[in-house]
Amino acid sequence: MAGPSSLSSAVPAGEDWMPRKVLDLERDLREVIPSVLQTLAPVIKVLQDTQATQAAQQVTLADQQTQLTAQVATLAAQVALQVSPSGASTSASGFGISSGTGAVAGVTFTVPSGYTRALILGSGTVTAANTSGTSGYLYVKVVINGGSGPEAATIVGDFNTAPYANTVMNISASHSATLTGLSGGTFTVQIAARTGGNNFGSSGTNSAMIAAQVIFLR
């Protein structure tokens, strides 16, 4: 049996054919829309549920990011309480150098309250003129809290004798150490020098520099 739209379509065209066609279309739409909506309803529900889930996840992620930021800040604060860095440097000049090892420049560190360990790195340079009357060796080393690092050496020509070659020389040394069992007090990081025999007399040319970095740990 033909539907209403089919019957109206069979009616001969007249002046009112257009309004009738519109009415037929409107009627068809009213009949089709419920079934279309019924078909799309599950899809729309899934989309709505997905949007709700994503919105909840975004809120959760934002909360987690806030918590993570706070945890990082707390960790940084805890690390700052466990570590205390320090550094110092100094220089000296006008000294003499003998065959006995002696410190020519040094820096002193005070152990902060509550800290028991120290990681230390020291490095220094000594420049010396040989006024002994004969060429000789210059030895240099870094000393941390009385503990000596490796000794570096160079030969220095006689300042007063021809051919006057290499009469002023500089040499560097470095040393690292870990101190434990600290409880307040101080310790030094020094650059020490000696000759191989003949003394190098006091001279404005003679100079030394020492620099040290320390990390105190609880």
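See the values below:
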read-out: Residue in the stretch 163-182 that is crowded, with 20+ Cβ neighbours inside 10 Å, polar (S, T, N, Q), in a strand (DSSP E or B) and touching a strand residue (DSSP E or B) at 6+ places or on another chain (Cβ under 8 Å) present; value: no
read-out: Residue match in the stretch 118-127 (condition: out of contact with any helix residue (DSSP H, G or I) (no Cβ under 9 Å at 6 or more places or on another chain) and outside any strand (DSSP E or B)); value: no
read-out: In the stretch 137-162, residue modelled with the lowest pLDDT [restricted to those that are closer than 25 Å to Gly204 by Cβ and crowded, with 21+ Cβ neighbours inside 10 Å]; value: Val156
read-out: Residues being modelled with pLDDT of 95 or more, surrounded by fewer than 16 Cβ atoms within 10 Å (Cβ to Cβ) and not hydroxyl-bearing (Ser, Thr, Tyr) - total across the stretch 183-216; value: 1
read-out: Complete set of residues in the stretch 108-136 that are touching a Lys or Arg at 6+ places or on another chain (Cβ under 7 Å) and either modelled with pLDDT of 95 or more or aromatic (Phe, Trp, Tyr) (or both); value: Tyr115, Thr116
read-out: Close pairs (9 angstrom Cβ cut-off, 6 or more residues apart or separate chains): surrounded by fewer than 10 Cβ atoms within 10 Å (Cβ to Cβ) in the stretch 65-85, among the β-branched types (Val, Ile, Thr) anywhere; value: Pro85/Val214; Pro85/Ile215
read-out: Subset of the stretch 1-21 (residues that are modelled with pLDDT of 55 or more, surrounded by fewer than 10 Cβ atoms within 10 Å (Cβ to Cβ) and in a helix (DSSP H, G or I)); value: Pro19
read-out: Single residue of Ala92, Ala103, Ala41 found to be of a type in the set (A, V, I, L, M, F, W, C), free of Cβ contacts under 8 Å to residues at least 40 places away in the same chain, surrounded by 10 or more Cβ atoms within 10 Å (Cβ to Cβ) and out of contact with any Phe, Trp or Tyr (no Cβ under 7 Å at 6 or more places or on another chain); value: Ala41
read-out: Failed item, numbered, when Ser113 is tested on (1) under 44 Å from the mean Cα position of the chain (by Cα); (2) surrounded by 10 or more Cβ atoms within 10 Å (Cβ to Cβ); (3) of a type in the set (Gly, Ala, Ser); value: (2)
read-out: Near pairs, Cβ below 8 angstrom, 6+ apart or cross-chain, from the stretch 167-188 (over 24 Å from Thr110 (Cβ atoms)) to any residue that is among the basic types (Lys, Arg) and assigned to a strand (DSSP E or B); value: Ala173/Lys141
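The values are calculated or read from the model by the stated rules, or taken from the named source; none is laboratory data. Since this is a predicted model, take the numbers as computed values, not measurements. Note that each Cβ is placed from the backbone with ideal geometry, even for glycine, and that neighbours are counted across all protein chains shown.
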